[in-house]
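Q: Have a look at the structure that comes next, please.
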Ligand SMILES: NC(=O)c1ccc[n+]([C@@H]2O[C@H](COP(=O)([O-])OP(=O)(O)OC[C@H]3O[C@@H](n4cnc5c(N)ncnc54)[C@H](O)[C@@H]3O)[C@@H](O)[C@H]2O)c1
C-alpha cells in the first residue's frame, strides 16, 4: 500500500457523509453520534425517507440529506465518506468518493467481487486516498487475547470454527445465492488471517442447503483452507441450526505443537500448554468493540498516516477466500487462491472503465505482491 493522504488532527472532528441508511446504516448513525471525533454532516440514500429517518436517529433533523452523493459532496464539503450501502453499490460509491478526493470507510465486503475490490485498491493508489473496509469482528479484545494465546502454542497445525445460528432476517439475505459464504463467512475468514498473520494458499469447500432451510441460497458450508506454512483452517457453519447455537463469532479452537486454545466467541479465551509455564496472558490495549472500533481506527489512521487493519489491499484476500470457496463448491475440486486472484485481476483490467485506474492495475507485476504491499509496479 502506498502512503495515503492524512486528514484531520486531534480535537478536530472528521466531517463525514454517510451513504446508506438502511438497517446497518442506522447502527452506523448511532455509532457516528457516539464518537466525538466524528461529525455527521450529510446522509445519502436512494430512498430519501431512509436518509431523513437517519437524520432523526442522529438527533438532528437539519442534517443535509440527498439521493445523489456528488451533489451532497458539493454542498457540504465533507472530509470523508462512510459507505454503508448494499454490496452491489460498494464499487460505484467508493470509486466516486475516492475520485472526488475523499477517503472512505466502507462496510464489508470491500465489493461484490474480488475483481471489483482490485479496482478499488488501484483507485486508492491512483488517488492517494485511504479506503478502509470495516471488518467489524476484528475489533474484539477477546480476539486479540486469542491471538496472544495462539503465540504460546508453538508451531500451529490447525484452526477451526464451528458456527451454528438460526436467524430469520427476511430481506435480501433470504433471496441471495451462497448466503452463508457471502454474507457471514467473510468474518471468520478475515479473523483467521488476523490470528495467523498468514494468507491462504488453497481451499476445498462443500456448501449445501438443509431441507428445512428458509433461505433460497445455500445456508450451510464445510470448508478447509490450507494456509502458508501448511496450517489448515476448517470452517463448519450453518444458518439453519436451531438449538445450542454458538456465538455470532462462532466457537474456535487452535491446536499447536505445545498446546491448544479455545474461544467461544463471547467470553475470554483459554489455553493449555501441558509441558510449559502457564503464565497468564498480559493485558493489551483495547481495540474497541465492533463498528465503534473500526470508526475509531479510521480516524486514527487518517490522522497518523499509519495503515489500519482493513485497508483495502490487506482486506482483499478475505474476499478472495469467499470467492475461492464458492468456486470450489461449484467445481467440486480444490482451488488455488492465486488462480482466483489471477482471474479476478484479468477481469478487473478488462472491465475497468477508467483509464488511470486500468493503467495502475496494469502496472502491477504480481497481484499477491500488490496486496501484500511490496513494491510491484513496473
Ligand atoms: N459488519 C456487520 O456485522 C454487518 C451486519 C449487517 C450488514 N453489514 C453490511 O452493511 C451493508 C448494508 O447492509 P444493510 O443490512 O444495512 O442493508 P439494507 O438493505 O438494510 O440498507 C442499505 C441501504 O443502502 C441504500 N442504497 C443502496 N444503494 C445505494 C446507492 N447506490 N446510493 C445510496 N444509497 C444506496 C438502500 O436504499 C438502503 O437504504 C452491507 O454491505 C452488509 O454486508 C455488516
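The values are calculated or read from the model by the stated rules, or taken from the named source; none is laboratory data. Since this is a predicted model, take the numbers as computed values, not measurements. FYI the Cβ positions are ideal-geometry reconstructions off the backbone, even for glycines, and counts take in every protein chain you see.
Q: Does residue 143 satisfy the condition of being within 16 Å of the ligand (Cβ to nearest atom), surrounded by fewer than 24 Cβ atoms within 10 Å (Cβ to Cβ) and at pLDDT 95 or above? So that I can check it myself, show each step before the final result.
A: Values: within 16 Å of the ligand (Cβ to nearest atom): yes; surrounded by fewer than 24 Cβ atoms within 10 Å (Cβ to Cβ): yes; at pLDDT 95 or above: yes.
Yes; evaluated as a whole, the condition is true for this residue.
Q: Would you be able to tell me the number of residues in the range 13-42 that are under 22 Å from the mean Cα position of the chain (by Cα) and within 15 Å of the ligand (Cβ to nearest atom)?
A: The total comes to 17.
Q: Got at least one residue in the range 46-56 being outside any strand (DSSP E or B) and either touching a residue at least 40 places away in the same chain (Cβ under 8 Å) or under 14 Å from residue 298 (Cα atoms) (or both)? Steps first, answer last, please.
A: Of the residues in the range 46-56, the ones outside any strand (DSSP E or B) are 46-56.
Cutting the leftovers down to either touching a residue at least 40 places away in the same chain (Cβ under 8 Å) or under 14 Å from residue 298 (Cα atoms) (or both) gives us none.
No: zero hits.
Q: Just to be sure I understand the filter: pairs with C-beta atoms under 8 Å, separated by 6 or more residues or on different chains, first member in the range 24-37 and outside the structural domain of residue 53 (by TED's automatic domain parsing), second member modelled with pLDDT of 95 or more and within 16 Å of the ligand (Cβ to nearest atom). Which pairs pass?
A: Hits for this filter: zero, empty list.
Q: Looking at the structure I just gave you, is residue 359 in a helix (DSSP H, G or I), in contact (Cβ under 8 Å) with a residue 24 or more places away in the chain, surrounded by 13 or more Cβ atoms within 10 Å (Cβ to Cβ) and touching a helix residue (DSSP H, G or I) at 6+ places or on another chain (Cβ under 9 Å)? Give the steps one after another, and end with the answer.
A: Details: in a helix (DSSP H, G or I): yes; in contact (Cβ under 8 Å) with a residue 24 or more places away in the chain: no; surrounded by 13 or more Cβ atoms within 10 Å (Cβ to Cβ): yes; touching a helix residue (DSSP H, G or I) at 6+ places or on another chain (Cβ under 9 Å): yes.
In short, no.
Q: Which strands (runs of 3 or more DSSP E) does the range 201-294 wholly contain that include 2 or more residues that are under 22 Å from the mean Cα position of the chain (by Cα) and closer than 24 Å to residue 108 by Cα? Even if it seems obvious, please write down each step before you answer.
A: Working: elements: 220-227, 232-238, 251-256, 260-263, 270-272.
It comes to 220-227, 232-238, 251-256.
Q: Also: Taking residue 40, is it part of a helix (DSSP H, G or I) and buried (at least 19 other Cβ atoms within 10 Å of the Cβ)?
A: Details: part of a helix (DSSP H, G or I): no; buried (at least 19 other Cβ atoms within 10 Å of the Cβ): yes.
Considered against the rule, which asks whether it is part of a helix (DSSP H, G or I) and buried (at least 19 other Cβ atoms within 10 Å of the Cβ), residue 40 comes out as no.
Q: Now for a separate question. Just to be sure before I move on: is residue 50 within 11 Å of the ligand (Cβ to nearest atom) and surrounded by fewer than 24 Cβ atoms within 10 Å (Cβ to Cβ) in the structure I sent? So that I can check it myself, show each step before the final result.
A: Values: within 11 Å of the ligand (Cβ to nearest atom): yes; surrounded by fewer than 24 Cβ atoms within 10 Å (Cβ to Cβ): yes.
The answer is yes for residue 50.
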